[in-house]
Structures are given as C-alpha cells and as structure tokens.
Amino acid sequence: HGSNRGLTDPVIITAINSFHGRTLAAISATGQPKYHKGFTYGGEMVPGFDYIPYNDVEALKAKFEELNETPEELKAQGRTRGVAAIMLEALQGEGGIVPGTKEFFSTARSLCDSTGALLMCDEVQVGMGRSGTLWGYENLDVEPDVFTSAKALGGGVPIGAMMARGEAATTLGPGDHASTYGGNPLACSAAVAVATYISEHNLLQNVIDRGDQLSAGLAAIASKYPSVLGDVRGWGLLKGVVVKEDAGCTAGELVGDAMKEGLLLVPAGTAVVRFVPPLIVSEGEIEEALDMFEKAVANRAGGGDA
C-alpha cells in the first residue's frame, strides 16, 4: 500500500508493549524489546516500524507528523518516507490487559484518513467474541481498513485470516503474496464451525454475563486483599487484575500459586494476572475459579488484610 502511494520508505506505527506475533516482521512490529532479543541483525530488527505509547493521543499525532516528513538525507537519494499504516490492538493483551480508548482510536482513524494511510487492528487475541462483541474494535466506535484474526478463529485448529475493505482489499493482486497453508480445507471447516456456533448459540451474551460476573468477583477479592491486588480491567472474558508492586510476589508467581489450587491462568507481563476462560464457561465454573484464585491470594496475603 505504501509503495503504491509512492513511498520508498514506508513506516508502520505500532504501540509500545504491543504484541503482534512471532514471525520476524511481526516481532519487529511488536513494541517490546524482550521479544527482539536474538532476532536482530546488526542490532536492528526489520526496518519500517516505529512505536508510540498506547492510548497517548499527543504522542501518536507527533509521531505521525514526524514520519510523514522525509529527512534531507533520504531526499538526496530520491527517497520518500511516510506512514503507510497505524497498527494497533483494540486491547493490549501481552501488554497488561489494557483496553484502547475511544479518543486514541478516533485520532488514529482521523490521521489515517488525512493521508490515505491504513488503520489496522490486530484482533488475534481479543477478536471472535472474547471482548463481548464479535470484534474488539467494535468497543471503540471505529472501523479499521484491515484487521487480523487467528487463535479462536479455528477453535484450536491453526488458522489465520486477514480481512480488508476499500482500497486495502485490492492492494494485493493474484500472485503478489501467498501462504503454504492458505485456504486449508480442514482449518477453514473448523473456522466455519466456530462462527456458526457463535451465531447460533448467542455466545456473545454469555461472554458479557460471565465477564461481568468475573469482574465483580475479582474486584471483591481485590477489595478483601488490597495489599496484594489492585485494579481489575479488560473486556468480556479477557480480564486482568493488577498485582501490586509491594505484594511480595510477581504475577507469574501468583499464577503458579493458582495452578496449585487447580486453576490455570497466565500472566500478562510481570504485574497482571490474566483470565481468559472459554467463551462457553458457565456461572458455576466462574464461581469455582474465583474460589480457587482467592485461596491463592489469601495464602500470599497471610490469610487476609487487616
């Protein structure tokens, strides 16, 4: 897309603490240096990516303006720099379960519209109903030009997909790009089955209801043990609870404690415990999970806070 617009040095803006995948360009797009370790060439990742703090409107505006100016040394070589796209997660998962703000995404949309850049949303973790809407961006009152999906799309069967609209949908022509397993009949059949189940079983309402239940339960535990836990945040059935700096443990250690109680969790960074239960989870299962988690927290708090 950038090349079609005459950019010899197209740049994609992504966010600090983002996560976009494990292939080389996707790791380069990921704004977390810990994931770059071991994959650099001469200390550099794949060029063409720049990063701004997530939800920082002014930083996004400044970076967008900066990158749409071509430095003199590039001009001297007949090159042109510009922003080809802004790529964001609607909610940062690996970055600590941080939902995007409507102002931030509205700004990103407006900036892209002003130059013809693409707004791209990474829906791999938050999409397919996990946020309580089918796609995470629907919580933000914007419509991207491109969004990606994987993970839940196949219900455990490996599949990835990219959806595009408008000019973005015609950027790649036949033979321009390909995938060895693209269109795999087994994977596509699994994706159709998942989409059909979501549609026919009102699964989004269960995500909303169980998500509300999970938030309320986590907030109650955090209130009971304020020396260990802080804010509860997230959408639908993608929730995180902050582990305080002086809690005496990291999120990973608290996750380990929960596993001993029979509850499988995963940290999101060092300071957030992430809850990503199945979208078909029941009210009783949420209650059971909350009981297990409270036992793990209580052990860390020494039985309770005064």
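The values are calculated or read from the model by the stated rules, or taken from the named source; none is laboratory data. In this text, all values refer to a predicted model and were calculated from it rather than measured experimentally. A quick note on method: Cβ atoms are made from the backbone with ideal geometry, for glycine too, and the neighbour counts reach across all protein chains shown. Calculation scope for accessible area: heavy atoms of the full protein, side chains included, ligands and nucleic acids excluded. Shrake-Rupley method; radii C 1.70, N 1.55, O 1.52, S 1.80 Å.
Numbers below:
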{"read-out": "Helical mean residue ellipticity (222 nm; -39500 (n - 2.57) per DSSP H run of 4+; nearest 500) of the chain", "value": "-10500 deg cm²/dmol"}
{"read-out": "Cα gyration tensor shape for segment 1-124, rounded if a/c is under 1.5, else prolate or oblate", "value": "oblate"}
{"read-out": "Among 183-192, 130-139, the order from most to least packed when residues are scored by Cβ within 10 Å on average", "value": "130-139, 183-192"}
{"read-out": "q = 0.12, 0.13, 0.23 Å⁻¹: log10 I(q)/I(0) that the Debye formula gives for segment 183-306, counting C-alpha atoms only", "value": "-0.48, -0.55, -1.29"}
{"read-out": "Distant-in-sequence amide H partners of GLN92 (H built 1.01 Å from N, under 5 Å)", "value": "VAL98, GLY100"}
{"read-out": "On Cα atoms only, tilt of 185-200 relative to the major axis of the chain in degrees", "value": "60 degrees"}
{"read-out": "Heavy-atom surface of the chain, accessible at 1.4 Å and reported per residue (Å²)", "value": "50 Å²"}
{"read-out": "Of LYS151/LYS260; LYS37/LYS260; LYS61/LYS102; LYS61/LYS239; LYS224/LYS295, those spanning more than 21 Å from alpha-carbon to alpha-carbon", "value": "LYS151/LYS260; LYS37/LYS260; LYS61/LYS239"}
{"read-out": "Segment 175-306 - percent of accessible surface contributed by carbon and sulfur, probe 1.4 Å", "value": "54 percent"}
{"read-out": "Total charge dipole magnitude, segment 39-131, about the Cα centre, Cβ charges on Lys, Arg, Asp, Glu only, Debye to nearest 20", "value": "220 debye"}
{"read-out": "Nonlocal amide H pairs with ILE159, under 5 Å, H built at 1.01 Å", "value": "LYS151, GLY154"}
{"read-out": "Segment 12-132, accessible surface, carbon-and-sulfur percent (1.4 angstrom probe)", "value": "53 percent"}
{"read-out": "Calculated from backbone phi, Karplus (6.51, -1.76, 1.60) coupling profile of segment 52-60 in Hz, x at Gly/Pro", "value": "9, x, 5, 6, 9, 4, 5, 5, 5"}
{"read-out": "Taking the convex hull of Cα positions in the chain, its mean projected area over all directions (nm²)", "value": "18.2 nm²"}
{"read-out": "C-alpha long axis of helix 203-224 to longest principal axis of the chain, angle in °", "value": "60 degrees"}
